[in-house]
1. Residue by residue, what Karplus-based ³J(HN,Hα) values in Hz, rounded to whole numbers, does region 168-176 have, using 6.51, -1.76 and 1.60 with θ = phi - 60° and x for Gly and Pro?
2. I need the Kirkwood Rh of region 38-152: take the reciprocal of the average 1/r across all distinct C-alpha pairs and report it in angstrom.
3. Under a Cβ-only charge scheme (Lys and Arg +1, Asp and Glu -1), can you give me the dipole magnitude of region 73-186 about the Cα centre, in debye to the nearest 20?
4. What number, in percent, do you get for the relative contact order of region 43-186 if the mean sequence gap of Cα pairs under 8 Å and at least 6 apart is divided by its residue count?
5. Which order do the peptides 62-72, 93-103 come out in when sorted by mean C-beta neighbours inside 10 angstrom, highest first?
Amino acid sequence: MKLISRRRYLTTAMTLVPIVALPLLAPKFARAATIATGNDVRTLGFFHTHTSEKLDIVYSDNGHYLPDALQEINHLLRDFRSGDIHVIDPALLDMLHQVRVSTGSKARFEVISGYRSPATNAMLARTRGGVADHSLHLNGQAIDVRLPGVATQQLQRAALALNAGGVGYYPASDFVHIDTGRVRRW
């Protein structure tokens, strides 16, 4: 039986770690990586219905997310009740961009709810029906929006056509929930 040196063992092991880990990490990041590639400039516009803040911003340029722009978006989509800020999933921004492009709209998304702190989510779950205890809003992976000039049902259809996450349709409240979770609808 031939023994290998410790150095050769560690070198071989370190070479294999990325090969073994890549398939485990790929599903989590595949959607964001495939959506934000190419030679394009991606823009979004927001109007927060609770704070009246507006933001028109380029958040991705030639397949690269712009860190300063993402920070501005994180701030705008903060929990408006507590002021808590959380990172917003860039794949969610890409979904919004694609929805806006597919509808032909240049309007700002009207934001009803972006990130929610655990305390805010718990309060809403106690006082309102239909708020999930483990909402993706808690992870910065969900947003509730409307798009002026686009019927809520058309907005819902555009989001569903992406086949990229969850889409909730709330016609009585006139908004659509979009998230980067598993593909589902309600």
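What follows is calculated from the coordinates using simple rules that are stated; it is not laboratory data. Every value quoted in this text rests on a predicted model; they were computed, and no experiment measured them. Cβ atoms come from the backbone with ideal geometry, glycine included; neighbour counts cover every protein chain shown.
1. Values, residue by residue: x, 10, 10, x, 5, 9, 6, 8, 10 Hz.
2. With all distinct Cα pairs of region 38-152 included, I get 14.6 Å.
3. Charge dipole of region 73-186: 200 debye, to the nearest 20.
4. 21
5. 93-103, 62-72
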